[in-house]
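Below: the structure, in structure tokens.
Computed from the coordinates by the stated procedures, all read-outs in this text should not be read as laboratory data. The shown structure was predicted, so the numbers you read here are calculated from the model rather than taken from an experiment. Cβ placement follows ideal geometry from the backbone for every residue including glycine, while neighbour counts extend to all protein chains displayed.
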Amino acid sequence: MSRIVSLTASVFAIGLFAGSAVAAGDTITIGIPVGLSGANSVVAPSVVQASELAVDEINAKGGILGKKVVLEVADDASGAAGAQKAYDLLIFKKKVDAIVAMETSAARNAGLPIVNRGKIPYIYTSFYEGRSCNPYMYINAWVPEQQVAPIVDYFNKQGAKTFFLIGSDYAFGRGMLAFTKEYIEKNGGKVVGDEYAPMDATDWTAVLAKVKAVNPDAIITSTAGGAPNVTLTKQLRAAGIKALYGNLAVDEGTARSMGADAEGIYIAGSYFTNIDTPANKSFLAAVEKKFGNDLKTPNELSVPQYEAILAYKAAVEKAGTTEAAKVVPALAEVSVEGPRGTIAMSKQRHAPLTMYLGQVKADGSVSIISSFKDVDPGEQCPKLK
């Protein structure tokens, strides 16, 4: 599948200005805050492309409630300060009807108070540490209860007894690894070290020195999606560390960008490009037809974004309006048939997901080892209806 190194400004302009010539009231606008800069900049272009494909498909079939759908894309800089600016811009200046966002947990947490003030539907499409609950928010990506077990259980079967955990020092990194540590110890393993670095860390020398000192059987990492995965993996390989390597945060697109360094990484997720279903094949054909040589690899972060926009359409049509008071509850009542299968955010505003355990091959693609159908997200937001 063809890809590009970077995405030109003209592609983003499609999302930013597509509705400028349409009269007010004739459009439904979806806001897309995403890390065009910062840690998520490696994956953001694929997320924008997935959003554009979804909107094109919706508009080709008459829009939503007969109205054309347009996108407003804003850079959240992959962090809290940038997210505050992006959400203010989208909600109060651009007057978007909804937010659909693949973001870091830091950006999400900073944006939620602004969503509360704006009172608009919000679908969060990034895998995350779990238990983020808000009256306006739904999540269609995985949480630790769905993603950690396949990797740890597999490593246990390979004879791993000692584990070293490495994460980014923010909600996602610490939340994921706290769950992972508990799961490892509950299943008879031992965590011999855990280290955290800033989200924008580029030098992992000190952390990797500690890994080499204890020589664990397995390493599990949970860094901010994108750039930190690249630098950590490159330096881990250069250090000659041979332990089993499970990464809780790398997507297939980022793995492809790493080249040979990614080979052998174990990952668990709800989407890989080689899922052999008619729906996934149709999606891949459509996205390649639209973007051609400019296509960024569809992945665990971009595909939920695509499906979330379709879910918003379904909820608005069920509600018969874009009014948040009616759309928000409708989001729990609709389902989407997408590349990952049937997705319904019906379990405490989260979604049961079919999960896959895979290993990255030399060309960056993923070999699927096993699958787990309809894994429940567990208790996430029991107080929200």
Notebook entry, point to check: Expressed in nm², what is the orientationally averaged projection area of the convex hull enclosing the Cα positions of segment 281-331?
Noted result: 4.4 nm²
Item checked: Candidates 193, 338, 82: whichever shows maximal mean-square fluctuation once the chain is modelled as a Gaussian network with Cα springs under 10 Å -> 193
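Per the Kirkwood treatment, what hydrodynamic radius in Å, one decimal, follows for segment 86-156 from the mean inverse distance over all distinct Cα pairs?
13.2 Å
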Margin query: Compute a Gaussian network model of the chain, connecting alpha carbons closer than 10 Å, and tell me which residue from 163, 155, 372 fluctuates the most.
Written below: 372
Next item on the list: Round to the nearest 10 and give me the degree value, 0 to 90, for the angle of helix 302-319's Cα axis relative to the longest principal axis of the chain.
Entry: 40 degrees
Notebook entry, point to check: Residues with beta-carbon under 13 Å from that of residue 382, excluding residue 382: net charge, scoring Lys, Arg +1 and Asp, Glu -1?
Noted result: +4
Next item on the list: At 0.36 nm per residue, minus the direct Cα-Cα distance, what do residue 94 and residue 59 gain on full extension? Give it in nm, one decimal, please.
Entry: 10.6 nm
Next item on the list: Would you please state the base-10 log of I(q)/I(0) at q = 0.13 1/Å for segment 13-163, with intensities from the Debye formula using one equal scatterer on every alpha carbon?
Entry: -0.62
Check: Once label points are set 7 Å from the Cα along Cα→Cβ at both residue 158 and residue 374, what is their separation, rounded to one decimal in nm?
Finding: 3.1 nm
Next item on the list: Find out how many positive minus negative residues lie around residue 269, taking Lys and Arg as positive, Asp and Glu as negative, among other residues whose Cβ is under 9 Å from that of residue 269.
Entry: -3
Item checked: Per-residue Cβ neighbour rank within 10 angstrom, fewest leading, 157, 68 -> 157, 68
Next item on the list: Rank the residues 355, 102, 137, 176 as a footprinting-exposure proxy: fewest other Cβ atoms within 10 Å of their Cβ go first.
Entry: 355, 137, 176, 102
Notebook entry, point to check: R0 = 35 Å: FRET efficiency of residue 321 with residue 109, Cβ-based, nearest 0.05?
Noted result: 0.75
Notebook entry, point to check: How many percent of all Cα-Cα pairs in the chain sit more than 36 Å apart?
Noted result: 18 percent
Item checked: Whole-percent pair-distance distribution, where bins are 5 Å wide, for the alpha carbons of segment 265-309 -> 5, 20, 29, 29, 12, 5, 1
Item checked: Net dipole in debye of segment 203-321 [+1 Lys, Arg Cβ; -1 Asp, Glu Cβ; about Cα centre; nearest 20] -> 120 debye
Next item on the list: Work out how much length residue 286 to residue 337 would gain on full extension: take 0.36 nm times their residue separation and subtract the Cα-Cα distance, in nm to one decimal.
Entry: 16.9 nm
Notebook entry, point to check: Cα axis of helix 44-60 to longest principal axis of the chain: angle in degrees, 0 to 90, nearest 10?
Noted result: 30 degrees
Next item on the list: Quickly estimate the mean residue ellipticity at 222 nm for the chain, helices only: each DSSP H run with n ≥ 4 gives -39500 (n - 2.57), and the total goes over all residues, rounded to 500.
Entry: -12000 deg cm²/dmol
Item checked: Highest-fluctuation residue, 126, 37, 78 considered, GNM on the chain with Cα pairs under 10 Å -> 37
Margin query: If you average the alpha carbon positions of segment 298-338 and of segment 39-76, how far apart do those two centres end up, in angstrom?
Written below: 13 Å
Notebook entry, point to check: Kirkwood Rh over Cα pairs of segment 131-233 into Stokes-Einstein at 25 °C, 0.890 mPa s: D in µm²/s?
Noted result: 170 µm²/s
Check: Computed on alpha carbon atoms, what radius of gyration and Dmax characterise segment 211-311, expressed in Å?
Finding: 15.8, 50
Notebook entry, point to check: Put a dot 7 Å past each Cα toward the Cβ at residue 383 and residue 344; how far apart are the dots in nm?
Noted result: 2.7 nm
Margin query: Compute the helix-to-body angle for 205-214: its Cα long axis versus the longest principal axis of the chain, expressed 0 to 90° and rounded to tens.
Written below: 50 degrees
